[in-house]
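**Q** I have a structure here, written as structure tokens, and I will follow up with some questions on it.
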Amino acid sequence: MAKDADRVAQELMRQHRQREKFRTLSPQWPVEDLEDAYAVQARFVARMRDESGAAIAGYKIGLTTKRMQHMCGIDHPIPGVVLADRVHRSGVRLDLADHVHLGFEFEICTRLGRDLPPGGAPYDREAVADAVDAVCAALEVVDDRGADYAGLDVRSLVADNSWNAGVVLGEFKTSWPELAPVEGVVHRNGEEIGRGRGADALGHPFEPLTWLANHLARSGGGLKAGDFVMTGSLITTRFPAGPERYDFDVSSLGHVDVTVG
């Protein structure tokens, strides 16, 4: 798949530059299964890094809640890479015009204090939890490029780096309560529009983190100290229609906000 993966990654780069609507890659492009999709994602990320010079800062895990799986018609988590030049701090202003179809997801983010190398796999939740040194409230910035969710193909979604367009991070905290019962509440322009709990992410935010550690290990990769991992949206993705402000508060973890212009 190596040659074909690079060719598909090049096509994805072209689509993004031309701001084209998201569309299924197969059968026109040879992405036959998830293994192929991960190969394309790796080449797509490499091409983005070559173009921007940005390092890998962390990872996102998508579709970790039933509501998000239902929204996308997919029944399992998917990974993506977050590049350093797409990491923002709370209070950032983002422009709608910089995206084809901007969306926000509302998450608990974890930060690793030590490596989880492939040699240590398979990891269980206890081992992964022991490696986490901080957590925070966070927003994932996504750009679905106007995708048709009714016909969404998971291989094409994964190949396109799971639509990650960045993250907005709150302040990391090195001590935190039990995460399953914590509640996250989203306000748009001061009006509550949704809420969810840590348990919505596969029962506990460390469950998707464990899934990612083992997923990366199977391909010879691993999480490293300093990496952050977005553990999945507790609330259905919201798509700004114009100038808006989003505030996301997670009980005992803190606050993160973003303004769209």
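The values are calculated or read from the model by the stated rules, or taken from the named source; none is laboratory data. Just so you know, these numbers come straight off a predicted model, no measurement behind them. Here the Cβ is made from the backbone with ideal geometry for all residues, glycine too, and neighbour counts use every protein chain on show. SASA here: full protein model, heavy atoms, side chains in, ligands and nucleic acids out. Shrake-Rupley method; radii C 1.70, N 1.55, O 1.52, S 1.80 Å.
**Q** Based on the alpha-carbon gyration tensor of region 82-223 and its eigenvalue square roots a ≥ b ≥ c, which shape applies: rounded if a/c is under 1.5, prolate if not and a/b is larger than b/c, or oblate?
**A** Cα axes put region 82-223 in the oblate bin.
**Q** With the Cα gyration tensor of region 139-261 giving a ≥ b ≥ c as the square roots of its eigenvalues, does the rule (a/c under 1.5 for rounded; else a/b larger than b/c for prolate; else oblate) give rounded, prolate or oblate?
**A** Oblate is the answer for region 139-261, as a/c is 1.5 or above yet b/c matches or exceeds a/b.
**Q** Dipole of the chain (Lys/Arg Cβ +1, Asp/Glu Cβ -1, origin at the Cα centre): which of 260, 78, 154 lies farthest to the positive side?
**A** In the chain, that residue is 260.
**Q** What is the dipole size for the chain, taken about its Cα centre, with +1 at each Lys and Arg Cβ and -1 at each Asp and Glu Cβ, in debye to the nearest 20? Provide the component values of the computation, followed by the final result.
**A** Numbers: 29 positive and 39 negative charges, 88 e Å.
That gives a dipole near 420 debye.
**Q** Right, next: Of 233, 100, 187, which is farthest along the charge dipole of the chain in the positive direction, counting Lys and Arg as +1 and Asp and Glu as -1 at C-beta?
**A** Sorting the options by dipole projection puts first 100.
**Q** Leaving ligands, DNA and RNA out of it, rank 141, 87 by accessible area with a 1.4 Å probe, largest first.
**A** 87, 141
**Q** Going by a ≥ b ≥ c, the root eigenvalues of the Cα gyration tensor, does the chain fall in the rounded group (a/c under 1.5), the prolate group (a/b larger than b/c) or the oblate group?
**A** Oblate shape, in that a/c is at least 1.5 and b/c is the bigger or equal ratio.
**Q** Which trypsin sites (Lys or Arg not before Pro) in region 98-167 pass both tests, a DSSP loop state and at most 15 other beta-carbon atoms within 10 Å?
**A** Hits after loop and neighbour filter: 114.
**Q** Report the Cα centroid-to-centroid distance between region 71-111 and region 10-65 in angstrom, as an integer.
**A** Taking the Cα centre of region 10-65 as reference, the centre of region 71-111 is 14 Å away.
**Q** Under the rule of -39500 (n - 2.57) per DSSP H run of 4 or more residues, summed and divided by the residues of the chain, what mean residue ellipticity at 222 nm is obtained, to the nearest 500 deg cm²/dmol? Intermediate results must be reported in sequence, preceding the final value.
**A** Values: 6 runs with 68 residues, N = 261.
Only helices count here, giving -8000 deg cm²/dmol.
**Q** Ok, one more. Accessible area of residue 60, 1.4 Å probe, to the nearest 10 Å²?
**A** The accessible area comes out at roughly 10 Å².
**Q** Under 15 Å between alpha carbons, and skipping anything fewer than 8 positions from residue 224 in its own chain: which aspartates and glutamates qualify?
**A** Reachable aspartates and glutamates: 115, 130, 133.
**Q** Right, next: Taking the DSSP beta bridges in the chain as the whole, what percent of them are antiparallel, to the nearest 5?
**A** 85 percent
**Q** How would you order 194-204, 235-245 from highest to lowest mean count of nearby Cβ atoms within 10 Å?
**A** Answer by packing, highest mean first, reads 194-204, 235-245.
**Q** Continuing with this model, one more query. Kirkwood hydrodynamic radius for region 43-131: how many Å is it when counted over pairs of different Cα atoms?
**A** With all distinct Cα pairs of region 43-131 included, I get 16.0 Å.
**Q** Same structure, new question: Please sort 212-219, 186-193 by packing, taking for each peptide the average over its residues of neighbouring beta carbons within 10 angstrom, highest first.
**A** Taking the mean over residues of other Cβ atoms within 10 Å, the ranking is 212-219, 186-193.
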